[in-house]
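K.L.:
Here's a structure for you.
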Amino acid sequence: MKMKNFPVFVFPVSLEFYLNARHTHKQLLTVYNPYDFSVNFKVLCTSPNKFTVIDPEGIIAPQSCIDIVVRYTQPSITHCNTTEKFRITMFDRNTQQALGKRDVPTKLIEGEPSNTNPESLGDNFHPLATKAAPIRPSEEHSRVICNHPLHHREQQPINVVAVAVSICCIAALLLPTQPEQVVKSQWPEWLHIGSNLKLVFAFVLGLVSMLVLRP
């Protein structure tokens, strides 16, 4: 039955074992199934006598992955620099038709890895120096304002004139209105103001309140 040539995703794409670094003799191969259906997988090797693979066959659920443990069981100087291969093949669970395959080359290297960190085998990474970017004066000022939004408002002086005008407007609105002549008032007649004048005081009070209470 012809293979469908579905892409098979495996990480890492190659394996490197080091003769004098025992922690490299056990590594992981991760096989991914990005498809919406379950698949069967099978692992083959060109030199099965040199390796031990835990669970070389199994099922991968849809949009999942599985880790395969690979051990180099016969590290020897005579096996160094010889390229071997693992082949991971995926099958349709219902028809057992081969969907795709991926070959992963592997090699035993004499010596030790240049980077002894087991988490980054085969790579030589170095830390990067961190340097804070210079802050322009305008940017620094804007950051201070953002971090303290009430700082500028708390330092504003109280507008004495606005407060005085507000008090006068409130007092004027509390005075009796001229048409209220039915009952004799205790206030003298010159303190009786018209309704139109009261509307003016109310309008001024509103403007002053907006000026004083604005954020």
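The values are calculated or read from the model by the stated rules, or taken from the named source; none is laboratory data. Predicted model, so just to flag it, every value in this text is computed and none were measured. Counting neighbours? That spans all protein chains shown, and the Cβs are built from the backbone with ideal geometry, glycine included. Accessible surface is based on the protein model in full, side chains and every heavy atom, while ligands, DNA and RNA are left aside. Shrake-Rupley method; radii C 1.70, N 1.55, O 1.52, S 1.80 Å.
K.L.:
Considering segment 97-133 alone, what residues qualify as being modelled with pLDDT of 85 or more, assigned to a loop (DSSP other than H, G, I, E, B) and open to solvent by less than 100 Å² (accessible area, probe 1.4 Å)?
P.N.:
Gln97, Gly111, Pro113
K.L.:
Which condition does Ile66 not pass, out of (1) in contact with a Gly (Cβ under 9 Å, 6 or more places away or on another chain); (2) assigned to a strand (DSSP E or B); (3) touching a residue at least 40 places away in the same chain (Cβ under 8 Å), if it passes all the others?
P.N.:
It is condition (3) that Ile66 fails.
K.L.:
Next question, about the same structure. Give just the number: which of (1) of a type outside the set (Gly, Ala, Ser); (2) within 20 Å of Ile66 (Cα to Cα); (3) not in a loop (DSSP other than H, G, I, E, B) does Phe6 not satisfy?
P.N.:
(3)
K.L.:
When both residues are 6+ apart or on different chains and their Cβ atoms are under 6 Å apart, which pairs have a first residue that lies in segment 72-100 and is more than 18 Å from Gln27 (Cα to Cα), and a second that is open to solvent by 30 Å² or more (accessible area, probe 1.4 Å) and hydroxyl-bearing (Ser, Thr, Tyr)?
P.N.:
Close Cβ pairs (under 6 Å, with a partner that is open to solvent by 30 Å² or more (accessible area, probe 1.4 Å) and hydroxyl-bearing (Ser, Thr, Tyr)) amount to Arg93/Ser38.
K.L.:
Under the condition of being in a loop (DSSP other than H, G, I, E, B) and among the hydroxyl-bearing types (Ser, Thr, Tyr), which residue from segment 15-54 is least open to solvent (accessible area, probe 1.4 Å)?
P.N.:
Filtering segment 15-54 for residues that are in a loop (DSSP other than H, G, I, E, B) and among the hydroxyl-bearing types (Ser, Thr, Tyr), the one least open to solvent (accessible area, probe 1.4 Å) comes out as Ser47.
K.L.:
For segment 81-96, give me each residue that is under 22 Å from Thr52 (Cβ atoms) and open to solvent by 90 Å² or more (accessible area, probe 1.4 Å).
P.N.:
Asn81, Lys85
K.L.:
Right, next: In segment 22-66, how many residues are more than 16 Å from Thr106 (Cβ to Cβ) and either acidic (Asp, Glu) or in contact with a Cys (Cβ under 7 Å, 6 or more places away or on another chain) (or both)?
P.N.:
5
K.L.:
What residue, among those in segment 158-176 that are open to solvent by less than 20 Å² (accessible area, probe 1.4 Å) and under 13 Å from Leu199 (Cβ atoms), is modelled with the highest pLDDT?
P.N.:
Residue satisfying both the conditions and the ranking: Cys169.
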